[in-house]
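Read the structure below first, then the notes.
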Amino acid sequence: MTHTIDTTSARTLSTAYHYLTRLCLACVLLSLAACNSDDSGSTMGSTVDSAALLSLVKAAGLTGDPSTDRTLPSINDPKAQLGMQLFFTKGMGGDSDSACVTCHHPSLGGGDNLSLSIGVGAEIPDLLGPGRFHNSTATNYDGGPTVPRNAPTTFNIAIWDQALFHDGRVESLGKTPGANGDDGLGIRTPDSDFGVADPNAGATLAAAQSRFPVTSAEEMRGFIFEADNSNDAVRTSLVDKLTDAGDWEAEFSAVFGDPMITYDRIAEAIAEYERSQIFVNSPWKAFLKGDKNAISESAKRGAVKFFTSIEAGGANCVSCHSGDFFTDEQYHVLATPQIGRGKGDDNGVLSNDDFGRFRETGVAADKYRFRTPTLLNVEATGPWGHAGAYTSLEGIVRHMLNPAEAIANYDFSQLAPNIQAADMLLNTQFALDQLEANRASNVSDVHRDVVFTDDDVADLVDFLKTLTDPCVKDRGCLAPWIPDAAEADPDGLQLHAIDNTGAPL
C-alpha cells in the first residue's frame, strides 16, 4: 500500500507529524545508502547508521519482543506436558494414522515443510516432511496432497490476538490487541454462525483452533470414522477412544485432579502445549535491544527498505507486516499461486479455486483475501503462501514486490512432482484480476507493486532471516517440545517422527 495523509480520515496533526518524521528519516537513511552505492545504483556494500535505523523502527512502534505483558505457559507445566502427549498421539486421528504433529512438528518449523500437507492415508504415517506421500490405496487418492492449504506454524501461536487459520475462521469477536483470544465477546469458530461466539470455543484462540483438525477428513478424522456425523460427534468418539485406550485417565487425573476425559480438557491441554512454543529471541530483537552488530549491513539495508514507504524509495512491507509480531492480522489480496486441490470454490471456469476470507464473510470484497502471516521465524516456516507455492524466501519476496510478474515467471520445478499444479495459472489469474480491480478502485490498504534490484531483494531476504530465533533451527534446543522414548506413551500410538532417510526428527 502507499501511505498518504488523508485529510478526510480524522487523523490528527500529531499523527501526520509522526508520519512525516518517519518519511524524512527514511529519506536520510536511503540517501546514506545511495552515497555508498556503485555506479549502477546498487546499494550492495553500503552502510546504514544503526542509530538512525533504530529511530526509524521505534517510530513504527517496535520494541523487539511481542511476548511482553502476556501470560504464557512453560513447556514444563503439567498441562502443557499432557498437551504434548496428546499432540503426538495418532490416537487423536480417526484411523489412528495421523496426529496433530503430523502437520506441525517443531523440527519442521512448527509446520511440515511441505507446500501442502498429507494428513491421513500416508504411505508411512511416521514419515514427516519431504517424502511423505499419499498411499495409492487410500480414499480419495489422486497422487497429490490431500490438504488444500499450507500448514501454518504453531510457533508463537499465543501471540495471535485476532484470528487463526488463513481465512480467520477462528476469530476473537472483540479483536482487542493483547487479549489473546476471548476478551469478553467470545470466539467465533466453524461451529457457530459468522459473527456469533461459540460457547464451547474455550478461553484462547489456540484452544478454539485445536477443536477442528480432528474433524477434518483430510487432516485427521479420515473418511470412515464418524463419517457424515457432526463435529461434536467426532469429538465425543475421540474421547471414548482415549478413555478406552491405555492410561490416559491417569494422565488426565494428574493434571485436572480427576480421571474424566472431555474434549474441552483435550483442547485446553493441546493449546497450552502450543502456547508454550514462544520463539522470539532473534538477532533482530538483540539489535533493537542495543547490539548494533547483531545483524549484518545487508540486513540493515533490508530493514530500511522494509520500514520505508514506497514514496521514499522503500517497499513499505511494514504497512501489513506491522508491530513486533510483524502482522496486522488483517486480510489482503496478494494473488499467491493457487496450487493443490483447492477448497472447491467455483470461479466460473474451474471448481478447485480458493476464495479465502470470502468463504467466511460472503462479502465480495473479501474474495482472494488471506490473513497476513507473522514474519517471526519466517526463514524456518516455509514453504510460503496460503498454498505453499513458494519454496524459497527469495521467491515469496519477489512475489510481494510484483505479483503479476512473479506469476508470469513462476518456476514450477520448485514444487514436488506430486503437487496438483495444472490449473495454477488459470485459477491464480482470477486473484490477479481481483487485485487489479482493487487497485483501480483504490481499495483501502491495497497492495502496490515495487521496483527493486536483485541487490535490494537480497537485502530484504537477509533482513527477514534476522527475525529467526536460533532455537527453531537447533534440535537440541527444541528437545523440550518433542517427547523422547523414555516419556509416557499412554496408548502406544505416539508418533515417532522420521525424515525421508529414516533418521529421527
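The values are calculated or read from the model by the stated rules, or taken from the named source; none is laboratory data. Everything numeric here is computed off the predicted structure, so don't read it as measured data. Neighbour counts are summed over all protein chains in view; Cβ atoms, including those assigned to glycine, are modelled from backbone coordinates with ideal geometry. Protein only, heavy atoms only, side chains kept; ligands, DNA and RNA dropped before computing areas. Shrake-Rupley method; radii C 1.70, N 1.55, O 1.52, S 1.80 Å.
Brief remarks follow.
- Only one of Asn281, Asn229 that is among the polar types (S, T, N, Q), under 26 Å from Phe155 (Cα atoms) and open to solvent by 30 Å² or more (accessible area, probe 1.4 Å): Asn281
- Region 202-220 residues that are closer than 18 Å to Arg149 by Cα, paired with ones that are at pLDDT below 95 (beta carbon under 6 Å, 6 or more apart): Glu218/Thr146
- Taken together, the residues in region 91-116 that are under 26 Å from Val280 (Cα atoms), open to solvent by less than 20 Å² (accessible area, probe 1.4 Å) and among the polar types (S, T, N, Q) amount to 2.
- Residue match in region 185-206 (condition: in contact with a Ser or Thr (Cβ under 8 Å, 6 or more places away or on another chain) and assigned to a helix (DSSP H, G or I)): yes
- Scanning region 389-405 for residues that are within 17 Å of the chain's Cα centre (by Cα), open to solvent by 50 Å² or more (accessible area, probe 1.4 Å) and not polar (S, T, N, Q) yields a single hit, Met400.
- Test: residue in region 350-362 that is of a type in the set (A, V, I, L, M) and either surrounded by 22 or more Cβ atoms within 10 Å (Cβ to Cβ) or at pLDDT below 95 (or both): no
- Leading residue by the ranking (farthest from the chain's Cα centre (by Cα)) among those in region 269-308 that are assigned to a loop (DSSP other than H, G, I, E, B) and within 18 Å of Val457 (Cβ to Cβ): Ser296
- Annotation: of all residues in region 152-163 being open to solvent by less than 10 Å² (accessible area, probe 1.4 Å) and among the aliphatic types (A, V, I, L, M), the one that is farthest from Asp69 (Cα to Cα) is Ala163.
- For region 252-304, the set of residues classified as farther than 30 Å from Leu82 by Cα and among the hydroxyl-bearing types (Ser, Thr, Tyr) consists of Ser296, Ser298, listed by residue number.
- Region 405-428 residues that are in contact (Cβ under 8 Å) with a residue 60 or more places away in the chain, paired with ones that are loosely packed, with under 15 Cβ neighbours inside 10 Å and not in a loop (DSSP other than H, G, I, E, B) (beta carbon under 7 Å, 6 or more apart): Ala421/Phe412
- Checked against (1) over 30 Å from Leu185 (Cα atoms); (2) in a helix (DSSP H, G or I); (3) out of contact with any Pro (no Cβ under 6 Å at 6 or more places or on another chain); (4) of a type outside the set (Ser, Thr, Tyr), Glu249 passes all but condition (3).
- Tally of residues being part of a loop (DSSP other than H, G, I, E, B) and in contact with a helix residue (DSSP H, G or I) (Cβ under 6 Å, 6 or more places away or on another chain) across region 310-333: 5
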